[in-house]
Amino acid sequence: MAGQCIQHLLQEHRAAEELLAALDALLDSVEQERSWSAARAEAFARVRQFVSRDLPLHKCKEDTILFPALAGFLPSDTGPLDVLRSEFAGIAVEAGRMVDCAHALAQDPASPKLVQSFLRAGRAFGQLLRDHIYKEDRVLFPMVARHLPAEKDAALLAAMQQCCLPGGGPGA
């Protein structure tokens, strides 16, 4: 797969997978000890940053740069793009639940209900994001790489490298 803009997004996917591995380790630790701690909160800070900054930025790159560029050969309101957009909604819901539970656990670190809710949200978030990445890596991105002209690819990459969210830094 040769597309530079796709390679850019794939790099972000690999970083997300590394973060998900760290989240899995944290979830396993919480599940084993059935409690929250300062060390776990510190480990979760990286996840919280990903959820609040990196994930919305990646979604923005896809929604505002990549997906509109695919309008010539993929419908935007049905099919794969619609599915991927709806998946992001579920990912965001579980991410929000996970972050809220982590915040509540800081106040009540041994609450069985909060521990269980955190574990459920964290595992759901991880699975939804992994499934989403798999679909893009194996289905959407190879299709895009085959159909996207080189000049359009270069323009999309430049836009992605300049992309940023309000109050955020460059997206490159």
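Structural remarks
- Within the range 78-125, the set of residues being more than 22 Å from ARG40 (Cα to Cα) and more than 16 Å from the chain's Cα centre (by Cα) comprises THR78, GLY79, PRO80, ASP82.
- Listed by position, the helices (runs of 4 or more DSSP H) enclosed by the range 100-167 that each have at least 1 residues that are among the basic types (Lys, Arg) and either in contact with a helix residue (DSSP H, G or I) (Cβ under 8 Å, 6 or more places away or on another chain) or surrounded by 14 or more Cβ atoms within 10 Å (Cβ to Cβ) (or both) are 112-135, 150-162.
- Qualifying residue in the range 107-128 (condition: out of contact with any Phe, Trp or Tyr (no Cβ under 8 Å at 6 or more places or on another chain), under 30 Å from GLY72 (Cβ atoms) and touching a residue at least 12 places away in the same chain (Cβ under 8 Å)): yes
- Residue list for the range 14-25, filter: among the aliphatic types (A, V, I, L, M) and over 14 Å from ARG120 (Cβ atoms): ALA15, ALA16, LEU19, LEU20, ALA21, ALA22, ALA25
- Selection of the range 71-88 for residues being loosely packed, with under 11 Cβ neighbours inside 10 Å and small (Gly, Ala, Ser) yields ALA71, GLY72, GLY79, SER86.
- Pair list, Cβ < 6 Å and 6+ apart or interchain, from the range 2-26 residues that are charged (D, E, K, R) to residues that are assigned to a helix (DSSP H, G or I): GLU12/HIS58
- Residue that is within 24 Å of GLN49 (Cα to Cα) and among the charged types (D, E, K, R), where the choices are ARG138, ARG146, ARG85: ARG85
- From the list SER52, SER37, the one residue that fits, being over 16 Å from ALA104 (Cα atoms) and either surrounded by fewer than 20 Cβ atoms within 10 Å (Cβ to Cβ) or of a type in the set (A, V, I, L, M, F, W, C) (or both), is SER52.
- Every condition in (1) hydrophobic (A, V, I, L, M, F, W, C); (2) surrounded by fewer than 13 Cβ atoms within 10 Å (Cβ to Cβ); (3) touching a Phe, Trp or Tyr at 6+ places or on another chain (Cβ under 7 Å) is met by LEU26 except one, and the failing one is (2).
- Test for ALA45: is it modelled with pLDDT of 95 or more and out of contact with any helix residue (DSSP H, G or I) (no Cβ under 8 Å at 6 or more places or on another chain): yes
The values are calculated or read from the model by the stated rules, or taken from the named source; none is laboratory data. Computed from a predicted structure; not experimentally measured. Every residue, glycine among them, receives a Cβ derived from its backbone with ideal geometry; neighbour counts consider all protein chains shown.
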